[in-house]
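Nothing in this text is a laboratory measurement; each read-out follows from the coordinates by a stated rule. Fair warning: this is a prediction, and the values are worked out from it, not measured in the lab. Every residue, glycine among them, receives a Cβ derived from its backbone with ideal geometry; neighbour counts consider all protein chains shown.
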Amino acid sequence: MQRLTIAVLAALAAALVVVSLSAAAHETTHVTRFPHRIVSLSPTMTEDLFAIGAGKQVVAVDEDSNYPTRAPRTKLSGFTPNVEAIAKRHPDLVLISYNPGNFASQLRKVGIKVVNVAAASNLKQAYAEILELGKLTGHETGAQAVVSSMRTRLAAIVRSVPKSRRHLRVYHELDSTYYTATSKTFIGSIYRLFGFRDIADAADSAGSGYPQLSAEYIIAENPQIIVLADTKCCQQTEATVAERPGWSTITAVQRGRVVGVDDDVASRWGPRIVQFARAVARIARKG
C-alpha cells in the first residue's frame, strides 16, 4: 500500500512538472517582443521615443533629428531615404512620417517592420501617437506620463492668459517670404487653445493650411501677436520685423508682442510644444 502511494505521488509530481513546463512554454510563446533596434526617420518620433523612455532601443535617427542631443544622429534622410543604408542598420522597426516613392514597401519586403506615423493635425492626435508609441515599444507607462504632463502643463499655461486676451489676432511666420499656418494645422490648434484668431484663415483659398501672405495683407489685418518660427532659418527677430516697411504700424510691433521661437519646436508635434505654448502665453500677457 505504501509503495502504491509513493508511486501515485511520484506520478502526480511528474505530471505537475509536465503541466508547469507546458504552461511556461505557452506563456513564452505569447510574450510580446518589443523592438530593440529602432531607426527613426522622423524628428518628432525621435523626440517622442526619448521622452517616453525608449531611447536605449534607438540605434539610428535621421539627419534632421537634432533633439535630444544624445540621439544617435546619422546622415540618413527621411525625405530622400536610402533603403540600403537603412537596412544596413539592421533595424527591427523603422518609424517614418513621410513615405516618398513608397520606400516603406521595399523595407517590408526584406522583413523590416515599418510604421508610418502621420503628422498630427491637433493635440488629440499627437497624444494618441505618443500613447501608441508606448505600446509599440513597451513603454506604455512612460507614454501615459508624458501625455498626462503635457495636458496638465498646457491647461495651466492657457489659464495663465487672462480671458480679456483670448481674442487676439495672431500671425505665425514660417519664413521671411510670409508663408504661414492657418488654424487648421497642428500649430494652429495650439493658438485655438487660447482662443486666438489666425489672420491666415481668410487668405487660404486653396485650403492647404500653409498659404503665403503679402506684407500688405498682414499690415491690413493688423495682428496683435506675431510669432516668428523663422529665427533659425531666416534669422528673424523682433528688431528685423520692426524694420520692415510699414510694419511699425502693426499693433503687435507697437505693443512689443513679437516673439521668436525655435523653428524646430514650432514645427513638431511632440512634448516640446509645451515650451512653444509657454512663449506664446508670455507674449499674450504682455502690454
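Top mean-square fluctuation among Pro162, Pro211, Pro35, Gaussian network model of the chain, C-alpha springs under 10 Å? Result: Pro162 has the largest fluctuation of those listed.
Think of region 121-251 as having a plus end and a minus end, set by charges on the Cβ of Lys, Arg, Asp and Glu; of Thr249, Ser160, Leu123, Ser160 sits farthest toward the positive end of this dipole. The length gained on full extension between Ser160 and Tyr98, counted as 0.36 nm times the residue separation minus their Cα-Cα distance, comes to 18.7 nm. Near Val110: Cβ cut-off under 15 Å, other residues only, Lys/Arg at +1 and Asp/Glu at -1. The net charge is +4. For Lys88, which lysines qualify as cross-link partners when the Cα separation must be under 17 Å and same-chain residues fewer than eight apart are set aside? Within the straight-line limit of under 17 Å, Lys88 reaches these lysines: Lys75, Lys109, Lys113.
Counting beta carbons within 10 Å around each of His172, His36 and listing the fewest first gives the order His36, His172.
I need Glu47, Glu221 ordered by Cβ neighbour count within 10 Å, fewest first. Walk me through the numbers before you get to the answer.
Values: Glu47 26, Glu221 18.
So the ranking, lowest neighbour count to highest, is Glu221, Glu47.
Given their separation in residues at 0.36 nm each and the Cα-Cα distance between them, Thr152 and Ile219 gain 20.5 nm when the chain is fully extended.
Which lysines does Lys163 reach when only Cα atoms under 25 Å apart count, and residues fewer than 8 places away in its own chain are ignored? Within the straight-line limit of under 25 Å, Lys163 reaches these lysines: Lys124, Lys184, Lys286.
What percent do you get for the relative contact order of region 38-146 when only Cα pairs under 8 Å and 6+ apart count?
On the way: 174 pairs, mean separation 29.2, N = 109.
So the answer I get is 27 percent.
What is region 58-126 by shape, rounded, prolate or oblate, if you read a ≥ b ≥ c off the alpha carbon gyration tensor as root eigenvalues and call it rounded for a/c under 1.5, prolate for a/b larger than b/c, and oblate otherwise? Intermediate results must be reported in sequence, preceding the final value.
Details: a/c = 1.76, a/b = 1.16, b/c = 1.52.
Oblate, because a/c is 1.5 or more while a/b does not exceed b/c.
How high is the relative contact order of the chain? Use alpha-carbon pairs under 8 Å, at least six apart in sequence, and give a whole percent. Write down the numbers at each step before the final one.
Details: 456 pairs, mean separation 40.9, N = 287.
For the chain, the relative contact order is 14 percent.
Cα gyration tensor of the chain, axes a ≥ b ≥ c as square roots of the eigenvalues: rounded (a/c below 1.5), prolate (a/b > b/c) or oblate? Judged from the Cα gyration tensor, the chain comes out prolate (a/c at least 1.5, a/b above b/c). Neighbour counts of other Cβ atoms within 10 Å put Lys135, Lys184 in the fewest-to-most order Lys135, Lys184.
What's the ranking of 77-83, 193-199 by average number of surrounding C-beta atoms within 10 Å, highest first? Walk me through the numbers on the way to the answer.
Details: 77-83: 15.4, 193-199: 20.1.
Packing proxy ranking, top to bottom: 193-199, 77-83.
Classify region 163-285 from the C-alpha gyration tensor, please: rounded if a/c falls under 1.5, else prolate or oblate depending on whether a/b exceeds b/c. Verdict is rounded for region 163-285. Modelled label positions at Asn116 and Arg37, each set 7 Å beyond Cα in the direction of Cβ, lie 2.5 nm from each other. Largest mean-square fluctuation among Tyr171, Tyr179, Tyr191, in a Gaussian network model of the chain whose springs join Cα atoms under 10 Å apart, belongs to Tyr179.
Potential lengthening of the chain between Gln125 and Gln106 amounts to 4.1 nm, from the contour at 0.36 nm per residue minus the alpha-carbon distance. Report, in whole Å, the centroid distance computed from the Cα atoms of region 204-227 and region 134-184. Taking the Cα centre of region 134-184 as reference, the centre of region 204-227 is 21 Å away.
Sort 50-59, 142-151 by packing, meaning the average of other beta carbons within 10 Å per residue, with the highest value first.
Working: 50-59: 19.5, 142-151: 17.4.
Result, highest mean Cβ count within 10 Å first: 50-59, 142-151.
Here the label points at Thr237 and Phe79, each 7 Å from Cα along the C-beta direction, are separated by 2.7 nm in the simple model.
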